[in-house]
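First up is the structure itself, then whatever we jot down about it.
The values are calculated or read from the model by the stated rules, or taken from the named source; none is laboratory data. Bear in mind the structure is a predicted one, so any value in this text is a computation, not a measurement. With ideal geometry, Cβ positions are generated from the backbone for all residues, glycine too; neighbour counts draw on all protein chains shown.
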Amino acid sequence: MTKRKTTEHNLSTLDAQAEATRRAAAETTNSATKDLAYAAAATLDSIARSQKRKLNLEPILELHESASAPEVNQARQRRAVRRGQDVYLPSWREATVGMPNLLLRSALFSSSAAGETLFDAPIASQGDTVLSMTGFKLSDYDRRVFAACLNYYREDRPLSSSVDPKFVEISFWQLSRDLQVAYGANVHRAIRGSLIRLNAAHLRIRVKRQEIPMPRLIEVAFEDGYAGSDTTEELLRGSDLIAFRIFDSMANLFGPADWSSVSATALHDFSGLPSWLTSFYSTHAGPYPVKFSELYKYSGVTCETREFRRRLKVALTKLQSDDVSPAVRVANFALEKNHVTVELTRWKT
């Protein structure tokens, strides 16, 4: 086994040990033991991060331009891949969408209403990241639309580049199906408005003291009869076309440990704070305490902290319901004074 593969194996072991330690901490009732266990898990995470930096795992795996299709598909199981001029996102399972952890662990797709104009505004985000945006404030509905567009790159479609600037063309009717809603004039307008907000979103991203180029989330053009908010339904048709493309710079956010598969349930079955929470915890492999003040910032809420605590308890209780899919159902949660710890049902299986 090469030194690099040995290090990668050790990293996997450290990640597993950290997750097991957090799981043990969540199950203990002794507060002193719980604190020590969580501290041990944090130490293991810190060691793993340090080794990952030394290993210098680049987000995009470079393959030779003669690499076979099976070789590309195998490599795409874990990360973004470049073969010659073509850059591919990782592949993910059906009924899920691969999305960058950096975006899901931030206030970019806020749990509050969209539309406010921002100019180089800082966006609260978790970890060693700096995120700012110019454009319109985004919401959970914009996350759903963005995920639906990302999903068109799940198979063997390369991202758009200056060499091959191809657009994906779909109808409003098809995109409404992807969003799991029935097409209608109001849905047409909602999709159009969301795509305009996403098109206007220009991000500045800095991760671990390195700038990541990200000109915009998505580029969009329309071929429909829309002429303003008072456009009559007769001028809006499900067959009207949307042309969009996602740039290959997006692949920089899909490194081996930088993205998560988000279930369709997490994306489509909820709105507001429950929707944000399901996406946020989709990026976690096990329970660990998050500072209440940080969760408040990441969610993008605009209410007072006392009201957020109430809303958070209501949202987590809702996600415990038996009719919630096991993919996102909350098994237990602890809403303490300074920390919030959530355990999902799927982590116990």
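Descriptive notes on the structure:
- ILE191 vs. criteria surrounded by 14 or more Cβ atoms within 10 Å (Cβ to Cβ), assigned by TED's automatic domain parsing to the domain that holds PHE308, among the β-branched types (Val, Ile, Thr) and modelled with pLDDT under 95: no
- Region 82-104, residues that are free of Cβ contacts under 8 Å to residues at least 24 places away in the same chain and farther than 21 Å from ASP142 by Cα: ARG83, GLY84
- Close Cβ contacts (under 9 Å, 6 or more residues apart or on different chains) running from residues in region 105-128 that are farther than 19 Å from SER260 by Cα and in the same structural domain as TYR281 (by TED's automatic domain parsing) to residues that are in a strand (DSSP E or B) and among the charged types (D, E, K, R) comprise ASP120/ARG204.
- Failed item, numbered, when TYR183 is tested on (1) aromatic (Phe, Trp, Tyr); (2) closer than 18 Å to PHE280 by Cα; (3) out of contact with any strand residue (DSSP E or B) (no Cβ under 8 Å at 6 or more places or on another chain): (2)
- Those helices (runs of 4 or more DSSP H) lying entirely in region 65-152 with at least 3 residues buried (at least 16 other Cβ atoms within 10 Å of the Cβ): 101-104, 140-150
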